[in-house]
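Below: the structure, in structure tokens.
The values are calculated or read from the model by the stated rules, or taken from the named source; none is laboratory data. From a predicted model like this one, the values you see are computed outputs, not experimental measurements. Cβ coordinates were reconstructed from backbone atoms using ideal geometry, including for glycine residues, and neighbour counts include every protein chain displayed. Accessible surface areas use protein heavy atoms only, side chains included; no ligands, DNA or RNA. Shrake-Rupley method; radii C 1.70, N 1.55, O 1.52, S 1.80 Å.
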Amino acid sequence: MNSSEESLLRQLVRNRIAGRASEIDRSLRQIAAGNPLGSEPNKERLVARLATKGGLPQRDAKAVAEVVTSNASLIDAGTMKMKGAEAAQGPTIDFVGIEFLARGRLAANTVGRVVFRSGRAQGSGFLVGPGLFLTNNHVVSSAEMAQQLVVEFDYENDVSGLQRPITTFEFDPGRCFVNEPTAGLDFALIAIGRRLSGEKTLEAFGFNPLSDAKDKHMLGEIANIIQHPQGRLKQLVVRENNLISRDETAQVLHYLADTDRGASGSPVCNNDWEPIALHHWGEPALEVTNLLGEPLRSDVNEGVRISAIVQNLRSKASSLQGASSQSRLLTYARCPGAPVHRRTSVSCGYRLLCSKARYCFPGRWHVQRSICRRLSSATRRRQPGPAGQRSA
């Protein structure tokens, strides 16, 4: 990203954060008072997310939502005291099942480091479909630039603290390159090309598909980010990263997190490891203030909402004619909002019909969406890898 583009993006993000100062301020009060989900102003979304997150019947989700919103009103009025640090805030809110770790491992497999062929780090991104990689436009801004870059998977340490063998692929922008400008949705969807080094096939890394379902997040909830900060080995930011604001255009989310350069293009996930945003900006911005003129926290980050990207891809796919490779790939990348198979509770774990979504997390957990039915019958083009092997 050149300096003028960086300056433009910085100002856009700061303006959006400043414009949501009141909502951010309220979210921080609710979080500090031990009622983080009271940050969510949309009760319908709150009920839907509680039902999904906690595996609750609609009636119970509404009852929990009533308690959350009632407490939120008392906190807003200044009549509720702050809770202790270990207060439990409703069923399944502060505690996650042990499968959270295994699911996170599978989601992390899909995340790659974008580097120039010289080895200089450029950003992060993740696989969202068979042979499809999503990152920021300011990371890969054109098809010509994509040809100068490669993506490395498994750039991380193993459980022994030793670095894993890296598998590297080139991009194939001629097959698919779809983007939106940095000043807009700031994304680039690019086809993965042939394998340049390493032993793993692309299919081995799975993918984490996109959806515009409306029950994937609520303000106050925790976000998790898988990233390559400053191009370093893959790292995970978990817990204490609350979602604190949505802008009125329904295009971005704001959240608290530790990020750094190189994290651009990282998936921002909920606790089910579904992508809810594409991280694209984070910096200390002490000049952004609340309504009282006091500086907001400096760790407010911004990500482009996945639902906005899905809707954009849907419109692009519908405008393409014929059976071109790019048209088919766009169809695979977007997911309708209505799910086909959903968890009844977080404990469903790995039992979610992976045989019908075998291109997702291979043999493992995956939140099934209707797009996966089409993917299971899709014909994938394979290209020769090194030493005559074939890779996805």
Of all residues in the stretch 159-186 being modelled with pLDDT under 90 and either open to solvent by less than 50 Å² (accessible area, probe 1.4 Å) or of a type outside the set (A, V, I, L, M, F, W, C) (or both), the one that is farthest from Ser307 (Cα to Cα) | Thr182
Count, please, the residues in the stretch 9-60 that happen to be farther than 12 Å from Ile244 by Cβ and acidic (Asp, Glu).
-> 2
Given the structure, is Arg45 among the charged types (D, E, K, R) and open to solvent by less than 20 Å² (accessible area, probe 1.4 Å)?
-> no
Scanning for something at pLDDT 90 or above, open to solvent by less than 60 Å² (accessible area, probe 1.4 Å) and not small (Gly, Ala, Ser), does the stretch 240-249 turn up at least one residue?
-> no
Leu74 fails exactly one of the following numbered conditions: (1) touching a residue at least 12 places away in the same chain (Cβ under 8 Å); (2) among the hydrophobic types (A, V, I, L, M, F, W, C); (3) farther than 30 Å from Val114 by Cβ. What is the number of that condition?
-> (1)
On the given criteria, is Phe126 modelled with pLDDT of 90 or more, touching a Gly at 6+ places or on another chain (Cβ under 8 Å) and aromatic (Phe, Trp, Tyr)?
-> yes
Could you please find all residues in the stretch 3-24 being part of a helix (DSSP H, G or I), of a type in the set (Lys, Arg) and buried (at least 17 other Cβ atoms within 10 Å of the Cβ)?
-> Arg14, Arg16
Residues of the stretch 44-69 satisfying the condition of being of a type in the set (Lys, Arg), under 18 Å from Ala213 (Cα atoms), in contact with a helix residue (DSSP H, G or I) (Cβ under 9 Å, 6 or more places away or on another chain) and modelled with pLDDT of 90 or more | Arg49
In the stretch 218-236, the residues that are open to solvent by 10 Å² or more (accessible area, probe 1.4 Å) and in a loop (DSSP other than H, G, I, E, B) = Arg232, Leu233, Lys234
Pick out the one residue from Gly206, Gly231, Gly193, Gly220 that is in contact with a strand residue (DSSP E or B) (Cβ under 8 Å, 6 or more places away or on another chain) and at pLDDT 95 or above.
-> Gly193
Counting just the residues of the stretch 79-106 that are out of contact with any Phe, Trp or Tyr (no Cβ under 9 Å at 6 or more places or on another chain) and modelled with pLDDT of 85 or more, which one comes out surrounded by the fewest Cβ atoms within 10 Å (Cβ to Cβ)?
-> Leu101
